[in-house]
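Scroll down for the structure; my scribbles are underneath it.
The values are calculated or read from the model by the stated rules, or taken from the named source; none is laboratory data. Everything numeric in this text was worked out from a predicted model, so none of it was measured. In this analysis, Cβ positions are derived from the backbone assuming ideal geometry, glycine residues included, and neighbour counts consider all displayed protein chains. For the accessible areas, the whole protein counts, side chains as well, though only heavy atoms, and no ligand, DNA or RNA atoms are used. Shrake-Rupley method; radii C 1.70, N 1.55, O 1.52, S 1.80 Å.
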Amino acid sequence: MTLSVHLRHRHGDFTLDVAFDSGPGITALFGRSGAGKTSVINAVSGLLHPDEGRVAVDGDTLLDTARGIDLPPHRRRLGYVFQDARLFPHLDVARNLDFGARYAPPGAKGPARGDVIDLLGLSGLMARAPATLSGGEKQRVAIGRALLSRPAMLLMDEPLASLDAPRKQDILPYLERLRDGPLGLPILYVSHALDEVARLADHLVVIQEGRMRMQGLLYDVLSDPAAVPLLGVREAGAVIAATVVAHADDGLSTLSISAGHLELPGVQAAPGTRLRLRILAQDVILSRDRPAGLSSRNILPVAIAAIHSGDGPGAAIALRAGSDRLLARVTSRAVTDLGLRVGMECFAIFKATTVAPGSIGR
Amino acid sequence: MTLSVHLRHRHGDFTLDVAFDSGPGITALFGRSGAGKTSVINAVSGLLHPDEGRVAVDGDTLLDTARGIDLPPHRRRLGYVFQDARLFPHLDVARNLDFGARYAPPGAKGPARGDVIDLLGLSGLMARAPATLSGGEKQRVAIGRALLSRPAMLLMDEPLASLDAPRKQDILPYLERLRDGPLGLPILYVSHALDEVARLADHLVVIQEGRMRMQGLLYDVLSDPAAVPLLGVREAGAVIAATVVAHADDGLSTLSISAGHLELPGVQAAPGTRLRLRILAQDVILSRDRPAGLSSRNILPVAIAAIHSGDGPGAAIALRAGSDRLLARVTSRAVTDLGLRVGMECFAIFKATTVAPGSIGR
Amino acid sequence: QDPVTVFAAASLRGALDDIARTYPAPVVVSYGGSGTMARQIALGAPADLVILASPDWMDWLRDQGALADRKRVDLLRNRLVLIGPAGARPLPNPDAAALLDALQGGRLAMGQRAAVPAGIYARAWLAGIGAWDALAPHLAETDNVRAALALVARGEATLGVVYATDAAADTSVDVLWTVPEDRHPPIVYPAAALSDAGDAFLRHLGMTDARDTFEQHGFLPIEPAR
Amino acid sequence: MTLDAASWDALTLSLWVSVWATVLAVPLALWIAWLLARRDFWGKSALNALVHLPLVLPPVVTGYLLLLSFGRTGPIGRLLEQTFGLVLSFRWTGAVLAALVMGFPLMVRAMRLAIEAVDPRLEDAAATLGAPRWAVFARVTLPLIAPGVLAGAVMGFAKAMGEFGATITFVANIPGQTQTLPSAIYTFLQIPGGEAQAIALVLWACVVALGAVVMSEWLARRVARRIAGS
Amino acid sequence: MTLDAASWDALTLSLWVSVWATVLAVPLALWIAWLLARRDFWGKSALNALVHLPLVLPPVVTGYLLLLSFGRTGPIGRLLEQTFGLVLSFRWTGAVLAALVMGFPLMVRAMRLAIEAVDPRLEDAAATLGAPRWAVFARVTLPLIAPGVLAGAVMGFAKAMGEFGATITFVANIPGQTQTLPSAIYTFLQIPGGEAQAIALVLWACVVALGAVVMSEWLARRVARRIAGS
Ligand SMILES: Nc1ncnc2c1ncn2[C@@H]1O[C@H](COP(=O)(O)OP(=O)(O)OP(=O)(O)O)[C@@H](O)[C@H]1O
Ligand SMILES: Nc1ncnc2c1ncn2[C@@H]1O[C@H](COP(=O)(O)OP(=O)(O)OP(=O)(O)O)[C@@H](O)[C@H]1O
Ligand code: MOO
Ligand SMILES: [Mg+2]
Ligand SMILES: [Mg+2]
């Protein structure tokens, strides 16, 4: 699957000028409020007719203003989860969910109805009118409705913003399974929550004031110290790949990464599975010597690849750990005190509990 | 200011049964999607007429079903920021903002119009129709509209869910200033984001499936190991009070807490100011001995007050640090390996960068 | 057996219904205003017989060629009367001053002066006695005679000019004076058959029984038919 | 309120005519309303004006225009008779046409207001779920405007029950064939002493039309309740 | 399309009467529409039925009922005359009443549909901002229903321009005082050879009423554009 988007459009004072090409999996569109994320996703869905542009999914051209192609939304087969749920007020939850089923092409694959209902916790709501649902309940129904229309691709505009953390934790792995399972459903995912993005996305597109600022594979963008100001200091952090080795009786699992082994709690995947770990720059502690007697069990030997001192009191340190890259944020004072410099070998410490389930992707 | 809420109401299968009394400042209502948060806030605002109940603000009874009192919403003087923005579609942004001004009692205090517009970044949007605003822009206008009606209290239903992190970081301190400034504006704040709650709230009410599960001062609820399952493992963490001592040239500030001194980056407050620090349980590392050579500069001597082992692989450790309480989450294996037990003295390590600006409240 | 369809001036309703009941074949009568019916006939209305309240409209029909060479007869006569509320004093042979005096600032109800046959006759009478100009500002003209009658009956108008047939049936009005027939063009109801069935029914209307019925309803027979 | 046979005929004919006029007009009115609400095209103002015409003109004029165009000698009337064998003038079918035309502006207005009140974002959502345009209309727009369609239908029905001027001008007042309730009432009012029967007919007209109003209210309320939930 | 003096009088009188009828009816219709849309009360069905009555009844009957109740000897007419010195029968004021009554159901329906389409959550929002109920209506509900109010007003105006049966029955056909355009048209149609003048008047009626329709469309479009932004 490839998604190719080139758009240019004016709304009043605002100009959208975005171009990106992404591969299979989940493409995240990240940007501040008003950056133009919804405008992009609307143009992809066919609801916004841009002044100029081209949108192609897997080589099928959905829009090409130069060639006068502009497929209507119902022929694009894109399941859209709107920022506002937009449930049909005259239909109960069950009928909302089933709305799109009949328009799917006969052989279209898609998740089973029962699974979607269970996952989203909708079974108790099936006979309810949308007007009686809470904000989060509406959004869950909207997600189910889009999934059950058996789309060729999902468009999701901040789908989880109104959901509580535990519910998000239920839904995120399910989206991963959709992406990775037999359906191989690609997703264009708008979010301003970098933890969701880091967990889900394969490809990351950062837009700012209508313009594309950065795009590329998630691993590359997130471990690039230059991305720190764009993404926000608190949110910066590398994503690395790990393989599950074994589960111990006390609930801790051993994972191997290129630089050694980690012990993490609450890993659900079977041994052999490859996972994605997000390690926030601010969660990494550096030590000159290997420390002992700590409750933290994950201590990796690393080499300092680069030091970026920003304007503030902190510095972003790019680390090489085996073949992986990590990012650490420390104070400038610590850089001086510890005598950190490029090429130096030291130890990175992060607590096992630090890598939260939400940050483990596949 | 005191807020006293006692409600009992049925919607279909769902029963709301909530009672809490809170003091001045910000009262947060925390709970999962569908827990009943919006229902509570609607009853307080006068938009939901509960089967039974009493709502009083500062001793003024707004609702008392037993005595047949039920003030209409417009006489309650509560500025409500809705979960969906509910802007008036026929009015431009400026007229939406100014809608409530004329109904405020002559002497009512409130923030200056210009300040609200600047803070919320609305100056470029004043002539726009709501239909042309992005999701986040709508919500910002809604916040401004409620503030400019000069309410005696603010009701906010997930007001920041559609805003990006930097914008949240702009607005949170402003809400704190409203609460603490000459206006002393109390706020009833609904959220499912515990970082917002931890930063803002003085009083925390946790509801689950329509029932009140826990309530009390934020410091007490958050440092109670029993709250961990209710709030979610990742979100648990204590909030402690600190005083700014000095700012160094390299951007680090020194803060004193009851157990010693901390060095934090990016603190904006003047020396002498009292701040609130949130220290997530999962960010605290324990060490038997005082470690050396770490990039982390904050190491406090603590005593273990209690150890709660849950079902999972982790344990919640309640710590006493001076007169403050901290919470740490470590693996059960670490409890065994380090021989942690109640009464033991050890060291708590947390990175200076760990305490993010968003978690510092006043 | 196909019914005979008659298009007839609305004021004939009572009498014509009674006569129709005595006719061996079924008769349906469509009542309406004379102008409307004339146009309908001209545009192909399925009538076997048409009876209008206005010779002008029958002339118009003839000019349109709608009557072909069928027989046209003047079937009935009517009288014009001045009416007032029940119990009002008779007002024989009034002139403008007497009428204005009797109006007491009220209005004189009548059919529309140019469109409603009864109004046309009323105007002719008033103009003939030199009272038209004086009375014109005090008129209440209606779209049919019955409405004028209703205005007097309800006390809205002080006086009215209607057909004797209308006045006779309403107890809340009294005839103050019957206008002599020479003071206005003859009030005749011309009839024309448009088919053989219509011809037959028209002949029936000329028979004694039918004429008696018309007379019972206050109409006057036309002197020896043609 | 007992009626003679002719009055009964008029009542049943009026019902029959009104039902037909309503049933035939609703889809057409819906289409025109949709065009006016959602489309921009050349001649839209003219169409809108044309729809309003029967409201503006005295009913007698409308009836006369119908007679000129749909009568057996009129251009459309001749065409209809030659191609479909359909004769309208002086038939109950013509009464249906007259009632339909007179009620049409009321129907279109009600439906158009309802269509304009539908949030187009819901229609967009249906399109992204794969629904082609007609399905969006049938499954989203139409159910949402049901109260407006119902309101329009009731207005049209009520108007059809009360229509007099255009009907009597176009199809005359032939008992058992084209004599509708209002024509019968008119006829009664033309004879001395006919008031009692006229009043009985008026009461019947009220009963029927108000029954329709009340029924439609009840239906609309059900729809509204379903949308509000519970 | 040149008109004689009497026809001019009829045209200007019709305009005058229609404007008055519209201006007077709008607030009343708005109130009734609001009651029907948003309130539940005893007798609501009866009120709703009553509002529809002029639609259901032949206009002549409505005119006759007006005469019975608002005539100088009618109960209401007598009261109005005694207390306000207001006489309706045979006056242009009575023509206003007849036009108002006949157009009323159309107005109420349009406005009611518009009110029902307003999202009550916006009204709630206004209330939480401190707006008392009338202010919520004036500043939120009313602007949002403006297109419906306008639609209703235009329907009422158009109907007022075309009203004939009730008017002539209630206030007769007094040139210069109660002879409205439709009365004049009717009169011409009843005179052999009067067609030419009738047609001229019909064209004038069309021009006036369709002007109103087009103007209202334009206004409604402006309102809609403002809400959509740009
Ligand atoms: N019709 C319009 N006229 C003028 N400006 C518009 C119009 N529609 C959108 N905009 C502007 O375009 C910008 C992008 O809007 P968009 O909805 O795509 O933002 P977004 O990235 O989805 O933001 P959010 O996260 O707040 O939903 C915004 O600044 C918005 O105000
Ligand atoms: N009219 C109703 N009929 C039946 N159930 C209702 C009705 N209104 C609300 N509920 C239910 O009451 C519960 C509480 O709703 P509420 O909107 O207060 O939740 P919430 O805590 O605000 O959730 P969210 O965070 O998702 O907005 C929900 O489960 C909802 O489905
Ligand atoms: O027969 Mo008429 O037209 O009522 O005078
Ligand atoms: Mg958006
Ligand atoms: Mg809610």
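Table for the structure above
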quantity	calculated
Rotation relating E and D, chain D residue nearest the axis via C-beta, angstrom	D:ALA117, 2
Karplus-derived 3J(HN,Hα), 6.51/-1.76/1.60, for each residue of the stretch D:83-100, Hz, glycine and proline x	8, 10, x, 9, 9, 10, 5, 6, 10, 4, 4, x, 5, 4, 4, 4, 5, 4
A:ALA66/B:GLN208 FRET efficiency (R0 56 Å; Cβ-Cβ; nearest 0.05)	0.50
Longest to shortest principal axis, alpha-carbon extents of the protein assembly as shown, angstrom	142, 65, 51
Residue-level accessible surface for C:THR178, protein heavy atoms, 1.4 Å, Å²	60
FRET efficiency for C:ALA98 and B:ARG102, using Cβ-Cβ distance with R0 set to 56 Å, rounded to 0.05	0.20
Cα centre as origin, Lys/Arg/Asp/Glu Cβ charges: the protein assembly as shown dipole, Debye	2560
Globularity ratio of the stretch A:237-361, using Cα Rg and 2.2 N^0.38 Å	1.06
Accessible carbon and sulfur surface of the stretch B:237-361 relative to its total accessible area, %, 1.4 Å	48
Shortest-first nm distances, A:ALA94 label point to equivalent points in other copies (7 Å, Cα→Cβ)	5.3
Average accessible surface area per residue within the stretch C:1-60, 1.4 Å rolling probe, Å²	29
In degrees, nearest ten, helix D:142-162 long axis to first principal axis of chain D (Cα)	10
Dipole-positive endmost among B:PRO151, D:ALA37, B:VAL197 within the protein assembly as shown (Cβ charges, Cα centre)	B:VAL197
The stretch C:141-208, accessible surface, carbon-and-sulfur percent (1.4 angstrom probe)	53
Considering only the protein assembly as shown, percent of DSSP beta bridges that pair antiparallel, nearest 5	75
Cβ charges +1 (Lys, Arg) and -1 (Asp, Glu), total dipole of the stretch D:5-229, debye	520
Accessible surface buried upon D-C contact (total; probe 1.4 Å; Å², nearest 100)	1900
Solvent-accessible area per residue for the stretch A:3-222 (1.4 angstrom probe, square angstrom)	35
Where A meets B: accessible area buried, both sides, 1.4 Å probe, Å²	4700
Centre separation in Å (Cα based) which lies between the stretch B:255-274 and the stretch A:230-252	31
Other-chain or far-sequence residues with amide H under 5 Å of C:LEU176's (modelled H)	C:LEU82, C:ILE83, C:GLY84
Cα centroid of the stretch D:58-76 to Cα centroid of the stretch D:111-150, whole Å	36
Eligible lysines near D:LYS159 by straight Cα distance, threshold 30 Å, same-chain separation 8 or greater	D:LYS44, E:LYS44, E:LYS159
Between the stretch C:163-226 and the stretch A:153-216, the Cα center-to-center distance that results, in Å	93
B:LYS109 - accessible surface, heavy atoms, 1.4 Å probe, Å² rounded to 10	130
For the stretch A:237-361: relative contact order, % (alpha-carbon pairs under 8 angstrom, 6 or more apart)	30
FRET efficiency, A:SER4 to B:MET126 (Cβ-Cβ, R0 35 Å, nearest 0.05)	0.40
Given charges at Cβ of Lys, Arg, Asp, Glu: chain B dipole, positive-most of B:PRO50, B:VAL284, B:ILE304	B:PRO50
Per residue accessible area of the stretch C:99-189, 1.4 Å probe, in Å²	32
Copies compared at B:PRO229 - label distances in nm, ascending, label defined 7 Å from Cα in the Cβ direction	4.8
Shape category assigned to the stretch D:5-229 from the gyration tensor of Cα positions, a/c cut at 1.5	oblate
Label 7 Å beyond Cα on the Cβ vector: A:ASP70 copy-to-copy distances, nm	5.1
Accessible-area ranking of B:LEU217, E:LEU15, B:LEU340, largest first, probe 1.4 Å	B:LEU217, E:LEU15, B:LEU340
Protein heavy-atom accessible area occluded, D/E pair - total, 1.4 Å probe, Å²	3700
Rotationally averaged projected area of the stretch B:3-222 (alpha carbon convex hull; nm²)	12.0
Helix-only mean residue ellipticity at 222 nm for chain D, each DSSP H run of n ≥ 4 adding -39500 (n - 2.57), per residue, nearest 500	-26000 deg cm²/dmol
Structure-based [θ]222 nm, chain B - -39500 (n - 2.57) summed over DSSP H runs of at least 4, per residue, nearest 500	-5500 deg cm²/dmol
Shielding of B:73-80 by partner chains, average beta-carbon count, 10 Å	5
Interface residues in the stretch B:268-303 - accessible area drops by 30 Å² or more relative to the isolated chain, probe 1.4 Å	B:GLN282, B:ILE285, B:GLY293, B:LEU294, B:SER295, B:ARG297
Carbon plus sulfur fraction of accessible area for the stretch E:1-154, probe 1.4 Å, in percent	70
Gaussian network model of chain B, Cα within-10 Å springs - most flexible of B:HIS11, B:HIS261, B:HIS247	B:HIS11
Area of C:LEU103 that stays accessible when all protein chains are in place (1.4 Å probe, Å², to 10)	0
Positive-end residue of E:ALA135, E:GLY77, B:SER123, charge dipole of the protein assembly as shown with Cβ unit charges	B:SER123
